[in-house]
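The values are calculated or read from the model by the stated rules, or taken from the named source; none is laboratory data. Predicted model only: the values in this text are computed from it and were never measured. Methodologically, a virtual Cβ is constructed for each residue, glycine included, from the backbone with ideal geometry; neighbour enumeration extends over all protein chains shown. Just the protein is used for accessible areas: all its heavy atoms, side chains included, with ligands, DNA and RNA removed. Shrake-Rupley method; radii C 1.70, N 1.55, O 1.52, S 1.80 Å.
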Amino acid sequence: MRVLRLAGLGSMYCPRRAAAATETRPFATNIVTSDPVRYARNAAVLEAEPMLAIGRPTVAWVDAAFRAMRR
């Protein structure tokens, strides 16, 4: 990530693993929470307003996160 950022690609989004946001998958396959009520509420919010979903991180964000974890 550092090389990509230094090459001027810091604003590029990282590739995504899956097409659907985690919160819109069936509860049984989620890795976010053990609370089905909270999960359903969050899924309903994202269904009503998809722009509230957290998007993919940028190269610069991932590089900064890796640097923070090293510290």
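Just a few scattered comments:
- Pairs are defined by a Cβ separation below 8 Å, a sequence spacing of at least 6 or placement on different chains, a first member in segment 55-71 that is closer than 15 Å to Arg5 by Cα and assigned to a helix (DSSP H, G or I), and a second member that is open to solvent by 100 Å² or more (accessible area, probe 1.4 Å) and not polar (S, T, N, Q); the pairs so defined are Val59/Tyr13.
- When Thr58 is tested against (1) open to solvent by less than 90 Å² (accessible area, probe 1.4 Å); (2) among the hydroxyl-bearing types (Ser, Thr, Tyr); (3) over 30 Å from Gly8 (Cα atoms), just one condition goes unmet, and that condition is (3).
- Of all residues in segment 1-32 being β-branched (Val, Ile, Thr) and at pLDDT below 85, the one that is least open to solvent (accessible area, probe 1.4 Å): Thr22
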